[in-house]
Amino acid sequence: MGTINFGESMKCIKGLSFSTGNEMAFDPAIKNLPIPGRAVLPLTSFFGKMTPLVAAGDSVQAGQIVAKGPDKLCPPLLASVTGQISAIQPWPTPDGDESLSLVIDSIEEDGVGAEDAALVSDGDLKDMIRRIRGSGIREVEPSPWPIAARLAQPGSFPAGLIPPESDLGQPIDCLIINGMDTQPGLWMRKAAIRTRGEEILESIPLLTRLCGASRIVFAVPKGHVLSDGFVQGLRSHSVELVYCPTMYPLALAPVLVPFLTGKELPRATMDTRSVGTVVIDVITALKVLEAIRYSKPALDVLVQITAPASGLDTLVSVKEGTLLEDILKELPPLSHKTAKVICGGPFLGETLYQLNVPVTQETASIILQSEHEVTRYSSLACVSCGYCVRHCPMKLLPNELSKLCEYGKFDVAERMDLYSCIECGICAYVCPVKRPMVQFMRFGKRELELERKQL
């Protein structure tokens, strides 16, 4: 298959154009941090609340299932360290909320590592899906379905687990392997391609076999430098290499899928399977490879830690549940006083109010800002300039939706397509009066969910 290079003007994409910077200016090395003395595992995920299978005082082994999801489709929660459950209690979470969590006091050895992972045969499709399900993989980007269910072609998933009204029974036509980082300033996926390119190539036949797609696309940003060997490896697997415009939020599935396939996702669910497409990022692809080839559980989290005022921008690999305050102790001391901590990236992130927050698989990055880097929102009224409408990638009216949520008219906002908002943050970024527009819309969604739970 050939290489496609989309110029900035070839397709109309709303959003923000940005530069990827000097491709060779960053150090892709990953700092592996020691096993923490304590790991905190929230009993919540994108798929709902989880039920603990252990009690305070129980001993656990790294990789052991310690909680199950609200249904059998959901990936289980695995102990990321070996130790003892010291408590099951509410704990602050990266989304600024609080969740009932398992607190594990660890011992030095975790018992699960790459050095003792044995190569196993791939097995049949159902066996491969079973290993992915059991590995506890969760992703940074929200999706209606866990990765095992999304990748499974019809007939390969265990009978009785797929809801009859879902789109999971449809065949998969296109597999998109996403090598683009989700937000400006992030480079985790870029680093994964550079340091683990051979393993990413190794994952492609497995992913293709799992989903049965006839079209495989590897998406990277325009200007990304790939080695000749990697490009040749893609061609050997009949993969289309697509260089996409450097436009945020093109890397997010609700925008990327229409761009690459021409098919619009249903606004209510944003389910890519409804249009016969699966999107998997390169880091998740590596986890799937490890789950199938080595039966290796997903216990580690790759996080980008950035403190611009101190010149810190590094990747660390930590055990899931490691507290942010423990991570910072392992890094060089900052030369500036931290005024604001953002978890999840510059556009999609949430502000943290304390540092005893655990890093989870859903955590992409941590940004530590100095006083002069902090953006302050205002309570000024909307001036109806239309900038947010002009830039909204989902073609919504963020000015009207945010005002409706601000004044408690949540049902009207829902009728005006509130749930099509992907919370990319562009509206708040371009607003000249600095209204917290995306925060208002997040608030509206949460209030609507609370209302539904009370019915």
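Classify segment 280-405 as rounded, prolate or oblate from the Cα gyration tensor: take a ≥ b ≥ c as the square roots of its eigenvalues, call it rounded if a/c is under 1.5, otherwise prolate when a/b beats b/c and oblate if not. Write out the running numbers ahead of the final one.
On the way: a/c = 2.71, a/b = 1.40, b/c = 1.93.
Verdict is oblate for segment 280-405.
For the pair residue 269 and residue 317, label points projected 7 Å from Cα toward Cβ lie 3.6 nm apart.
Which length gain, in nm to one decimal place, applies between residue 447 and residue 199 when the Cα-Cα distance is subtracted from 0.36 nm times their residue separation? Please list the in-between numbers first.
Working: separation 248, 0.36 × 248 = 89.28 nm, distance 4.31 nm.
Computed gain between residue 447 and residue 199 is 85.0 nm.
Helices assigned as whole DSSP H runs in the chain whose Cα atoms extend at least 20 Å along their own long axis and whose mean Kyte-Doolittle hydropathy is -0.5 or higher are found at 197-211.
Please work out the Cα center distance from segment 243-258 to segment 319-384, rounded to the nearest Å. Each part reduced to its Cα centre gives a spacing of 25 Å. With respect to the cross-link table entries 190/319; 49/329; 222/403; 14/287; 287/395, which display a Cα-Cα separation exceeding 26 Å? 49/329; 222/403; 14/287; 287/395, as the Cα separations exceed 26 Å there. Note on the chain: antiparallel DSSP beta bridges, both residues inside, total approximately 65 percent of the bridges counted. Projected label points at residue 356 and residue 294, each 7 Å from Cα along the beta carbon direction, are separated by 3.4 nanometres. On the basis of the beta-carbon distance and an R0 of 30 Å, residue 55 and residue 98 show a calculated FRET efficiency of 0.90.
Working ranking of peptides 330-341, 436-447, 376-387 by packing, defined as the average number of other Cβ atoms within 10 Å per residue, highest first, is 436-447, 330-341, 376-387.
In the chain, with Lys and Arg counted as +1 and Asp and Glu as -1 at Cβ, which of these residues, 13, 201, 229, has the Cα nearest the positive end of the dipole, that is, farthest along it? So the residue we want is 13.
Determine, from the Cβ-Cβ distance of residue 409 and residue 335 and an R0 of 41 Å, the FRET efficiency 1/(1 + (r/R0)^6), rounded to the nearest 0.05. Kindly include the intermediate steps, with their values, before the conclusion.
Numbers: r = 46 Å, r/R0 = 1.13.
Efficiency for this residue pair is about 0.30.
Let me spell out the model: positive unit charges on the Cβ of Lys and Arg, negative unit charges on the Cβ of Asp and Glu, origin at the Cα centre of the chain. What dipole size does that give, in debye rounded to 20? Walk me through the intermediate numbers first.
On the way: 44 positive and 51 negative charges, 229 e Å.
The calculation lands at about 1100 debye.
Summing Lys and Arg as +1 and Asp and Glu as -1 over all other residues whose Cβ lies under 15 Å from the Cβ of residue 275 gives a net charge of +1.
Taking R0 as 51 Å, what FRET efficiency do you get between residue 107 and residue 382 from their Cβ-Cβ distance, rounded to the nearest 0.05?
Working: r = 55 Å, r/R0 = 1.08.
Plugging the Cβ-Cβ distance into 1/(1 + (r/R0)^6) gives 0.40.
Once the other residues with Cβ under 12 Å from the Cβ of residue 233 are scored (Lys, Arg +1; Asp, Glu -1), what is the net sum? The partial results should precede the final answer.
Values: positive: 235; negative: 198, 199, 202, 228.
Residues near residue 233 contribute -3 overall.
If you take all other residues with their beta carbon under 10 Å from the beta carbon of residue 445, and give Lys and Arg +1 and Asp and Glu -1, the sum is -2. In the chain, helical runs assigned H by DSSP with n ≥ 4 each contribute -39500 (n - 2.57); averaged across all residues and rounded to the nearest 500, the mean residue ellipticity at 222 nm is -7500 deg cm²/dmol.
Any read-out appearing in this document is the output of simple, stated calculations on the displayed coordinates, not a laboratory observation. Predicted model only: the values in this text are computed from it and were never measured. For neighbour counting, all protein chains shown are included, and Cβ atoms are generated from backbone atoms with ideal geometry for every residue, glycine included.
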